[in-house]
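A short write-up of the structure that comes next.
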Amino acid sequence: QVQLVESGGGLVQPGGSLRLSCVASGSIFNINAMGWYRQAPGKERELVAYITNADSTNYADSVKGRFTISRDNANNTVYLQMNSLKPEDTAVYYCNAEKTSRITWRSLTYWGQGTQVTVSS
(Lines give C-alpha, C1' and ligand atoms only; values in the text may rest on other atoms or scores of the structure.)
Protein backbone atom coordinates (compact mmCIF):
# COMPACT_ATOMS: atom_id res chain seq x y z
CA GLN A 1 0.00 0.00 0.00
CA VAL A 2 0.98 3.58 -0.67
CA GLN A 3 -0.25 6.43 1.47
CA LEU A 4 -0.40 9.92 0.03
CA VAL A 5 -0.86 13.03 2.15
CA GLU A 6 -1.45 16.40 0.52
CA SER A 7 -0.93 19.78 2.10
CA GLY A 8 -0.60 23.40 1.12
CA GLY A 9 -4.09 24.28 0.03
CA GLY A 10 -5.88 27.37 1.16
CA LEU A 11 -7.54 30.60 0.16
CA VAL A 12 -5.68 32.93 -2.19
CA GLN A 13 -6.56 35.95 -4.26
CA PRO A 14 -6.60 35.83 -8.05
CA GLY A 15 -3.07 36.17 -9.32
CA GLY A 16 -1.64 34.68 -6.18
CA SER A 17 0.41 31.54 -5.70
CA LEU A 18 0.28 28.33 -3.72
CA ARG A 19 2.53 25.32 -3.48
CA LEU A 20 0.95 21.95 -2.86
CA SER A 21 2.93 19.08 -1.39
CA CYS A 22 2.28 15.37 -1.50
CA VAL A 23 4.27 13.00 0.68
CA ALA A 24 4.26 9.33 -0.23
CA SER A 25 4.83 6.63 2.36
CA GLY A 26 4.37 2.91 2.75
CA SER A 27 5.31 0.66 -0.15
CA ILE A 28 6.72 3.46 -2.24
CA PHE A 29 8.99 1.30 -4.32
CA ASN A 30 8.31 0.98 -8.03
CA ILE A 31 6.23 4.13 -8.29
CA ASN A 32 6.22 4.97 -11.98
CA ALA A 33 4.52 8.34 -11.94
CA MET A 34 2.82 10.79 -9.64
CA GLY A 35 0.40 13.50 -10.48
CA TRP A 36 -2.16 15.99 -9.38
CA TYR A 37 -5.84 15.88 -10.19
CA ARG A 38 -8.54 18.33 -9.26
CA GLN A 39 -12.28 18.27 -8.97
CA ALA A 40 -14.54 21.29 -8.84
CA PRO A 41 -18.18 21.10 -7.73
CA GLY A 42 -20.34 19.64 -10.47
CA LYS A 43 -17.38 18.71 -12.63
CA GLU A 44 -15.43 15.58 -13.40
CA ARG A 45 -12.10 14.97 -11.79
CA GLU A 46 -9.43 16.05 -14.23
CA LEU A 47 -5.72 15.59 -14.57
CA VAL A 48 -3.73 18.72 -13.79
CA ALA A 49 -0.17 17.49 -14.16
CA TYR A 50 1.96 14.41 -13.77
CA ILE A 51 5.62 13.55 -13.54
CA THR A 52 7.16 10.21 -14.40
CA ASN A 53 10.02 8.34 -12.82
CA ALA A 54 12.18 9.71 -15.62
CA ASP A 55 11.11 13.27 -14.75
CA SER A 56 8.99 13.71 -17.85
CA THR A 57 6.10 16.08 -17.19
CA ASN A 58 2.74 16.80 -18.71
CA TYR A 59 0.20 19.52 -18.00
CA ALA A 60 -3.40 20.21 -18.74
CA ASP A 61 -3.82 23.01 -21.25
CA SER A 62 -5.70 25.08 -18.69
CA VAL A 63 -2.70 25.26 -16.36
CA LYS A 64 0.19 25.13 -18.80
CA GLY A 65 2.62 27.94 -18.19
CA ARG A 66 1.22 28.67 -14.73
CA PHE A 67 1.72 25.43 -12.81
CA THR A 68 4.90 23.45 -12.31
CA ILE A 69 5.13 19.91 -11.01
CA SER A 70 8.36 18.71 -9.43
CA ARG A 71 9.64 15.85 -7.32
CA ASP A 72 12.00 15.46 -4.39
CA ASN A 73 13.01 11.82 -4.49
CA ALA A 74 14.97 11.94 -1.24
CA ASN A 75 11.85 12.93 0.68
CA ASN A 76 9.33 11.02 -1.44
CA THR A 77 7.51 14.25 -2.12
CA VAL A 78 5.84 15.74 -5.17
CA TYR A 79 5.06 19.42 -5.42
CA LEU A 80 2.71 21.50 -7.49
CA GLN A 81 3.72 25.14 -7.72
CA MET A 82 0.69 27.14 -8.78
CA ASN A 83 1.18 30.70 -9.98
CA SER A 84 -1.16 33.26 -11.48
CA LEU A 85 -4.11 31.51 -9.92
CA LYS A 86 -7.56 32.09 -11.33
CA PRO A 87 -10.99 31.56 -9.80
CA GLU A 88 -11.43 28.70 -12.26
CA ASP A 89 -8.63 26.88 -10.44
CA THR A 90 -10.83 26.51 -7.37
CA ALA A 91 -11.16 22.80 -6.64
CA VAL A 92 -10.13 20.00 -4.37
CA TYR A 93 -6.70 18.88 -5.48
CA TYR A 94 -5.79 15.22 -5.16
CA CYS A 95 -2.39 13.61 -5.29
CA ASN A 96 -2.12 10.43 -7.33
CA ALA A 97 0.51 7.73 -7.59
CA GLU A 98 0.81 4.85 -10.00
CA LYS A 99 3.04 1.88 -9.38
CA THR A 100 3.67 -1.61 -10.60
CA SER A 101 3.16 -4.43 -8.13
CA ARG A 102 6.28 -6.57 -7.93
CA ILE A 103 4.07 -9.51 -6.99
CA THR A 104 1.29 -9.34 -9.56
CA TRP A 105 2.92 -6.96 -12.07
CA ARG A 106 -0.35 -5.12 -12.29
CA SER A 107 -0.69 -1.37 -12.28
CA LEU A 108 -1.86 0.05 -8.96
CA THR A 109 -3.27 3.51 -8.37
CA TYR A 110 -3.43 5.40 -5.08
CA TRP A 111 -5.07 8.66 -4.05
CA GLY A 112 -4.57 11.20 -1.33
CA GLN A 113 -7.40 12.68 0.69
CA GLY A 114 -7.38 15.98 -1.16
CA THR A 115 -6.63 19.56 -0.24
CA GLN A 116 -8.93 22.49 -0.94
CA VAL A 117 -7.73 25.35 -3.10
CA THR A 118 -9.96 28.39 -3.26
CA VAL A 119 -9.13 31.35 -5.47
CA SER A 120 -11.32 34.30 -4.63
CA SER A 121 -11.16 37.99 -3.92
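Starting from the Cα of LYS64, step 7 Å along the direction of its Cβ; do the same at SER27; then give the gap between the two resulting points in nm.
If labels sit at LYS64 and SER27, their model points lie 3.7 nm apart.
Within the chain, what percent of beta bridges assigned by DSSP are antiparallel, to the nearest 5? Don't skip to the end; give the middle numbers.
On the way: 43 of 46 bridges.
Counting DSSP beta bridges with both partners in the chain, the antiparallel share is about 95 percent.
Out of the total accessible area of the chain (probe 1.4 Å, heavy atoms of protein only), what percent is carbon and sulfur? Present the calculation step by step, with values, prior to reporting the outcome.
Numbers: 3140 of 6630 Å².
On the chain, the fraction of accessible area on carbon and sulfur atoms equals 47 percent.
Given just the C-alpha atoms of the chain, how large is their convex hull per residue in cubic angstrom?
On the way: hull volume 11.9 nm³, N = 121.
Residue-normalised Cα hull volume stands at 98 Å³.
Over the C-alpha atoms of the range 50-121, what are the Rg and the largest Cα-to-Cα span, Dmax, in Å?
14.3, 50
Name the trypsin sites (Lys or Arg not before Pro) in the range 19-119 that are in a loop by DSSP and that have at most 11 other C-beta atoms within 10 Å, would you?
Values: sites: ARG19, ARG38, LYS43, ARG45, LYS64, ARG66, ARG71, LYS99, ARG102, ARG106; in loops: LYS43, ARG45, LYS64, ARG66, ARG102, ARG106.
Listed in order of number, the matching sites are LYS43, LYS64, ARG102, ARG106.
Calculate, for GLN116 and ARG19, the FRET efficiency according to 1/(1 + (r/R0)^6) with r their C-beta to C-beta distance and R0 25 Å; round to the nearest 0.05. Mind showing how you got there, number by number?
Details: r = 15 Å, r/R0 = 0.59.
Efficiency at R0 = 25 Å is approximately 0.95.
Distance in nm between label sites at ALA74 and SER56, each 7 Å beyond Cα in the beta-carbon direction?
Label-label distance for ALA74 and SER56, simple model: 2.7 nm.
Per residue, how large is the accessible surface of the chain? Use a 1.4 angstrom probe and give square angstrom.
Per residue, the chain has an accessible area of 55 Å².
State which stretch of the chain is the longest one without any exposed chymotrypsin sites (Phe, Trp or Tyr not before Pro), exposure meaning a DSSP loop state and at most 13 other Cβ atoms within 10 Å. Don't jump to the answer; show the numbers that get you there.
Working: sites that count: PHE29, TRP105.
Result for the longest clean stretch: 30-104.
The values are calculated or read from the model by the stated rules, or taken from the named source; none is laboratory data. Here the structure is a predicted model, which means the values were calculated and not measured. A quick note on method: Cβ atoms are made from the backbone with ideal geometry, for glycine too, and the neighbour counts reach across all protein chains shown. Only protein heavy atoms, including side chains, enter the accessible area calculation; ligands, DNA and RNA are left aside. Shrake-Rupley method; radii C 1.70, N 1.55, O 1.52, S 1.80 Å.
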